[in-house]
1. Quick one: count up the residues across region C:1-16 that are open to solvent by 20 Å² or more (accessible area, probe 1.4 Å) and not β-branched (V, I, T).
2. Take region E:43-60 and flag every residue that is at pLDDT below 95 and touching an Asp or Glu at 6+ places or on another chain (Cβ under 8 Å).
3. Considering only region D:17-54, state which residues are more than 10 Å from chain C (Cβ to nearest Cβ) and open to solvent by less than 10 Å² (accessible area, probe 1.4 Å).
4. Can you pull out every residue in region E:25-44 that is among the small types (G, A, S) and over 11 Å from the mean Cα position of the chain (by Cα)?
5. I'm trying to understand the selection: among the residues of region C:1-42, which are of a type in the set (K, R), at pLDDT 95 or above and under 26 Å from A:V57 (Cα atoms)?
6. Out of region D:1-36, which residues are on the phi > 0 side of the Ramachandran plot and out of contact with any strand residue (DSSP E or B) (no Cβ under 8 Å at 6 or more places or on another chain)?
7. Find the residue count for region A:11-42, including only residues that are under 16 Å from D:Q24 (Cβ atoms) and touching a residue at least 12 places away in the same chain (Cβ under 8 Å).
8. Spot the failing condition for C:L66; the list is (1) over 28 Å from D:L44 (Cβ atoms); (2) more than 14 Å from the chain's Cα centre (by Cα), and only one is missed.
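The values are calculated or read from the model by the stated rules, or taken from the named source; none is laboratory data. These figures come from a predicted structure and were not determined experimentally. Every residue, glycine among them, receives a Cβ derived from its backbone with ideal geometry; neighbour counts consider all protein chains shown. Ligands, DNA and RNA are excluded from the accessible area calculation, which covers all protein heavy atoms including side chains. Shrake-Rupley method; radii C 1.70, N 1.55, O 1.52, S 1.80 Å.
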Number of protein chains: 6
Amino acid sequence: MKIGARNRLEGDVTEIKRGTVMSQVKVRVAGGAIMESVMTLDSLDELGLKIGDKVRVAVKAVNVMLIKP
Amino acid sequence: MKIGARNRLEGDVTEIKRGTVMSQVKVRVAGGAIMESVMTLDSLDELGLKIGDKVRVAVKAVNVMLIKP
Amino acid sequence: MKIGARNRLEGDVTEIKRGTVMSQVKVRVAGGAIMESVMTLDSLDELGLKIGDKVRVAVKAVNVMLIKP
Amino acid sequence: MKIGARNRLEGDVTEIKRGTVMSQVKVRVAGGAIMESVMTLDSLDELGLKIGDKVRVAVKAVNVMLIKP
Amino acid sequence: MKIGARNRLEGDVTEIKRGTVMSQVKVRVAGGAIMESVMTLDSLDELGLKIGDKVRVAVKAVNVMLIKP
Amino acid sequence: MKIGARNRLEGDVTEIKRGTVMSQVKVRVAGGAIMESVMTLDSLDELGLKIGDKVRVAVKAVNVMLIKP
């Protein structure tokens with residue numbers, strides 16, 4: 001299976017926070033940075049994510065902003 | 001200056017492709033992964049990006065998807 | 001493999017338009033509606049999409065707007 | 001009134017979930033698929049959506065991902 | 001017709017740039033700021049936009065970032 | 001510091017609503033319009049936003065939709 005998103009990192013789930021509608025998942029990626037994803041609780045439960053899981057992080061290139069320090 | 005985006009990585013610009021309206025910029029981030037950003041040519045020129053530049057990559061958490069292998 | 005996006009439709013690629021940086025792909029989904037995706041040419045080529053291919057269409061729920069007629 | 005989003009499906013609201021800040025609305029579209037939209041509670045209340053309402057689902061093409069099975 | 005997007009400004013189209021797949025439209029909104037929209041050429045042509053047209057600018061709240069100077 | 005987003009307005013924070021995972025911030029921009037941003041509580045707290053603060057509103061052009069009345 002291939003997905004049309006140009007930004008894919010791999011990492012481990014380090015934290016999960018559940019709200020009423022939404023949830024927030026933190027992932028430590030290679031190099032040590034923390035990436036965060038916000039998704040519906042329904043998505044979280046369907047993925048069955050738990051701390052320690054290996055995941056791939058995908059972001060469409062149009063949603064990536066660059067900042068020049 | 002602080003920006004309200006939870007995903008911030010640092011990297012070096014490795015490739016720039018210019019279209020008519022849009023442009024695509026590749027950035028090598030810590031850990032070696034390549035991130036890609038698509039922005040308007042106007043944004044690219046305003047940022048004045050060129051190969052080798054240090055940039056920060058910012059993504060809103062709502063635009064990050066997780067995939068379970 | 002599971003993906004954290006709540007909107008998934010299946011369909012057939014009916015049209016592909018290639019630009020310089022971006023490309024546009026039309027997909028006929030069940031029920032007959034046409035969905036369109038814009039992605040980088042790099043993504044298109046990596047997916048190796050061609051007319052007639054079966055694809056799944058995925059959209060994060062935060063990117064779906066509802067309009068009341 | 002015309003809206004600049006290339007993906008427009010029609011459907012009926014089948015479920016509404018209210019959180020503190022956000023809400024989630026499920027819509028059954030032609031062909032039987034379920035689409036989900038996440039919006040602020042304020043948007044939900046301004047639209048005055050309730051179960052059974054006819055709505056149009058709109059998604060910008062840049063937010064549509066294609067997956068090759 | 002009501003749209004579930006919390007950010008709506010009104011303005012006049014001041015510039016249109018056509019690419020191969022995408023197009024870019026500049027709009028002067030109340031207060032004098034310039035807003036820019038990127039959409040497919042197909043969307044642009046379907047909307048039939050031309051310079052001087054009155055338009056409404058809509059952005060989902062999840063796509064709005066705040067920066068603290 | 002420069003950010004690759006073409007839509008930048010300035011304004012004052014007029015309202016903040018905190019949920020469990022997400023938060024919603026209203027900003028009055030020049031010309032009097034209200035813009036709204038949804039971000040994680042973590043982002044809100046990291047920005048340290050409070051009512052009356054001056055902020056810049058940034059939106060990528062791909063996330064801006066135009067509507068023709």
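1. 7
2. E:R56, E:V57, listed by residue number.
3. Result: D:V21, D:S23, D:T40.
4. Taking region E:25-44 and keeping what is among the small types (G, A, S), we get E:30-33, E:37, E:43.
Residues satisfying the conditions are E:A30, E:G31, E:G32, E:A33, E:S43.
5. Result: C:K26, single match.
6. Across region D:1-36, the qualifying residue is only D:G32.
7. Of the residues in that region, 11 qualify.
8. Unmet condition: (1).
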